[in-house]
1. Which one of these is open to solvent by 50 Å² or more (accessible area, probe 1.4 Å) and of a type in the set (Phe, Trp, Tyr): Phe75, Phe102?
2. Here's a check for you: in segment 146-166, which residue that is open to solvent by less than 30 Å² (accessible area, probe 1.4 Å) and aliphatic (A, V, I, L, M) is nearest to Arg41 (Cα to Cα)?
3. Residues to consider are Phe55, Phe38; find the one that is open to solvent by 50 Å² or more (accessible area, probe 1.4 Å), of a type in the set (Phe, Trp, Tyr) and under 25 Å from Trp174 (Cβ atoms).
4. Output the residues belonging to segment 65-87 that are under 17 Å from Glu46 (Cα atoms) and touching a residue at least 24 places away in the same chain (Cβ under 8 Å).
5. Look through Glu172, Glu182 and report the one residue that is touching a residue at least 12 places away in the same chain (Cβ under 8 Å), surrounded by 16 or more Cβ atoms within 10 Å (Cβ to Cβ) and touching a strand residue (DSSP E or B) at 6+ places or on another chain (Cβ under 9 Å).
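The values are calculated or read from the model by the stated rules, or taken from the named source; none is laboratory data. Note that the structure is predicted; figures quoted are calculated from it, not measured. Virtual Cβ from ideal backbone geometry, glycine too; neighbours counted across all protein chains shown. What goes into the accessible areas is simple: the full protein's heavy atoms, side chains included, and nothing from ligands, DNA or RNA. Shrake-Rupley method; radii C 1.70, N 1.55, O 1.52, S 1.80 Å.
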Amino acid sequence: MNEQKHSAGTHGPVENNPTRSWVKFIIGWLVVFTIRLFPFRPPNVEGVMATLMPFSKQYGPIAGFAFGFLSIALFDFALDALGVWTLITGASYGLLGVVAYFFLRKRASSRWNYFAFSFIGTLVYDALTGLSIGPLFFGQSFMEALVGQVPFTLWHLAGNCAFALILSPALERWVVGNEALEYRALMGRFGRAA
């Protein structure tokens, strides 16, 4: 049985099945890739968190983990930059995808709920990744990692929170909650029954 629910920005049911919404996931990853490939942006101003939240809220913890992990892994693979950091940062974003589902599932879809999770999630993510990768894999002292992490985290917070206020609600409305991007609707346009 296909579970369906209403999502913000739609007038009808939106499938809650990620296998029927693969086009939406591709659009989400393209958004992440586009922001991350934007020239002259600080390396920690990226759209993974903002894109991850509406997908996690709609499709659940497993899809949230997959979206977060694959956002990092696919990007690193495409740029031939795979390494141990891919596993750590990918798993960290994956875990944030799981937590985002539980944080957002019973809350209204609002800019402020996205902002709140983004703020807390960014602090947790930067603590997990910024204070572990350098000391564990590159011989950096913990104090050097901590001091270097402060300005990085400030930029990361500014970027993630701004994207949470603007990008997350837009993605929820125009992509995640858009029934025209559902598998059945797309196949119907091409003359095949779903």
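1. Going through Phe75, Phe102 in turn, the sole match is Phe102.
2. That would be Leu157.
3. Phe38
4. Result: Phe67, Gly68, Phe69, Leu70, Ser71, Ile72, Leu74, Phe75, Ala78, Trp85.
5. Working: Glu172 fails: touching a strand residue (DSSP E or B) at 6+ places or on another chain (Cβ under 9 Å).
Of Glu172, Glu182, the one residue that is touching a residue at least 12 places away in the same chain (Cβ under 8 Å), surrounded by 16 or more Cβ atoms within 10 Å (Cβ to Cβ) and touching a strand residue (DSSP E or B) at 6+ places or on another chain (Cβ under 9 Å) is Glu182.
Each row is one residue, and each column tells you yes or no for (1) surrounded by 13 or more Cβ atoms within 10 Å (Cβ to Cβ); (2) over 14 Å from the mean Cα position of the chain (by Cα); (3) among the aromatic types (Phe, Trp, Tyr).
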residue	(1), (2), (3)
Ala91	yes, no, no
Lys106	no, yes, no
Asn113	yes, yes, no
Asp126	yes, yes, no
Gly134	yes, yes, no
Met143	no, yes, no
